[in-house]
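The values are calculated or read from the model by the stated rules, or taken from the named source; none is laboratory data. Here the structure is a predicted model, which is why all the values come from computation and not from measurement. Positions of Cβ are generated from backbone atoms using ideal geometry, with glycine treated the same way; all protein chains shown enter the neighbour counts.
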Amino acid sequence: MSTNVVTDSNAKTKTKVRMMAQIGMLAAISVVLMLFEIPLPFAPSFYEIDFSEVPILIGCFTMGPVAGVIIEFLKILLNFAINGTVTAGVGEIANFLIGCALVVPAAVIYKIKHTRKGAVIGMVTGTLFMTVVGCFLNAFILLPAYSKAFGMPMDALVGMGSAVNGNITSLTTFVLFAVAPFNLLKGILVSVIVFLIYKKISPVLRMNR
């Protein structure tokens, strides 16, 4: 009996250590992916797509939504330590919340319906939720924070949007024609990549569990 208890304890410890290592690894990959940003023709230059949510979403599907939140937090923390901030941390908080808005709903739905269809439903839901959250945070927190951090009026930020997208004439249209499509596109691209590679990667992450 005691031998079984020790064995179970060792197995749980090994699993926890492995999970911590995987969380750290996925967070590190996410930080690296943040360095590769793609500019968009319909939005100002400070809106660039990166694929840092890909390893986070994979971690969510493999280890659950809590692990995904931890990976997202570590990504933001590491990036903050390496690159600093120009928004007194407001942009980093918004990035964290927007990232969680994608991966958490997707992971929760996938955990309930653990099938390919469940993963697709989860990623679609996460993409839509991220778009809504992203629009709200940009309109009321992120864009005002950028305006204050760079010492420019909000009209100047709107003007930067107008320069690349004629549909942008106000804060509302900025959100509708730049922020919303930006988040939709990012959610779709991240979801497609995860859909294509998850089944090949997940056995490695689940090994010895």
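Report yes if Ala145 is in a helix (DSSP H, G or I) and modelled with pLDDT under 95, otherwise no. So Ala145 fits the description; yes. Applying the set (1) of a type in the set (Gly, Ala, Ser); (2) modelled with pLDDT of 90 or more; (3) over 23 Å from Ile38 (Cα atoms) to Ser202 leaves exactly one unmet item: (2). Of all residues in segment 160-183, those that are farther than 24 Å from Leu128 by Cβ and in a helix (DSSP H, G or I) total 4. Here Pro65, Pro55, Pro39 are screened, and the one residue that is at pLDDT 85 or above and closer than 22 Å to Val132 by Cβ is Pro65. Between Ile109, Ile93, Ile98, the distinction of being within 26 Å of Asp155 (Cα to Cα) and either among the acidic types (Asp, Glu) or crowded, with 19+ Cβ neighbours inside 10 Å (or both) belongs to Ile98 only. Considering segment 112-138 alone, what residues qualify as being within 27 Å of Val90 (Cβ to Cβ), crowded, with 16+ Cβ neighbours inside 10 Å and of a type outside the set (S, T, N, Q)? The answer is Gly126, Leu128, Phe129, Met130, Val133, Gly134, Cys135, Phe136, Leu137. Condition check for Val31 on (1) without any contact (Cβ under 8 Å) to a residue 12 or more places away in the chain; (2) touching a helix residue (DSSP H, G or I) at 6+ places or on another chain (Cβ under 8 Å): one failure, at (1).
Asp155 satisfies every condition listed in (1) among the charged types (D, E, K, R); (2) more than 30 Å from Gly64 (Cβ to Cβ); (3) modelled with pLDDT of 95 or more except (3).
Leu185 passes every criterion in (1) surrounded by fewer than 12 Cβ atoms within 10 Å (Cβ to Cβ); (2) touching a strand residue (DSSP E or B) at 6+ places or on another chain (Cβ under 7 Å) apart from (1).
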